[in-house]
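Below: one structure, written as structure tokens.
The values are calculated or read from the model by the stated rules, or taken from the named source; none is laboratory data. This structure is a prediction, so every number in the text was calculated from the model and none was measured. Quick reminder, even Gly has a Cβ in these numbers, built from the backbone with ideal geometry, and neighbours come from all protein chains shown.
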Amino acid sequence: MEMILKTKSVSEELGVNPTTVQRWVRHFNMDLKKNDHGHYLFTEQDIQELKEIKGKLDSGLLIGDIQLSQSAKPARSKWEGDDSGIEMKFDALLARIDTLEKKLEEKADSVVSYQILQHAGEMEEMVKRLAAIEARLEDAEVSLLKMPVRQEKIIHSEKTRKNWFVSLFTL
């Protein structure tokens, strides 16, 4: 016996709102049986067609651009004068907005990831430079501590006096 599901079960399986499933059924003019309460009854083939629709919408197609397989009836025109025309346009806009938001989030994530990698590389380079500067500073401190105290000033002042004194006698 073939499995028959109601709209709520189908919407849960597809991961969409039950009203979205109902709109798709109306838009694509799907020939579904209804129970005594007027609720749609979905066969496995109907569910497959809805999965196909969802997949195409998720890939970025607009609802008006989707063509169903041969078994489905042709979609109604989005310009028909019924009340669902506005809903279809609205659904198409929402689907497009969702697609653009997903693409924008993906792009933002990739840009942020790239920037983080760039900053990590820059920080690593700065750490290396800082370590080199610290090493040079330590070497300079060690060299200064090892140097003997020079009395260059005293030697320089004595030479200056000697040169002045010698210059008096030599012309």
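Here is how the numbers come out for the structure above:
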item: In segment 70-115, residue surrounded by the fewest Cβ atoms within 10 Å (Cβ to Cβ) [restricted to those that are over 18 Å from GLU52 (Cα atoms) and at pLDDT below 55]; result: GLY81
item: Residue within segment 140-152 that is surrounded by 10 or more Cβ atoms within 10 Å (Cβ to Cβ), among the hydroxyl-bearing types (Ser, Thr, Tyr), assigned to a helix (DSSP H, G or I) and modelled with pLDDT of 80 or more present; result: no
item: Condition broken by ASN29, with the remaining ones in (1) without any contact (Cβ under 8 Å) to a residue 12 or more places away in the chain; (2) exposed (fewer than 15 other Cβ atoms within 10 Å of the Cβ); (3) closer than 20 Å to GLU87 by Cβ satisfied; result: (1)
item: Residue that is nearest to LYS56 (Cα to Cα) [pool: residues in segment 15-33 that are among the hydrophobic types (A, V, I, L, M, F, W, C) and part of a helix (DSSP H, G or I)]; result: TRP24
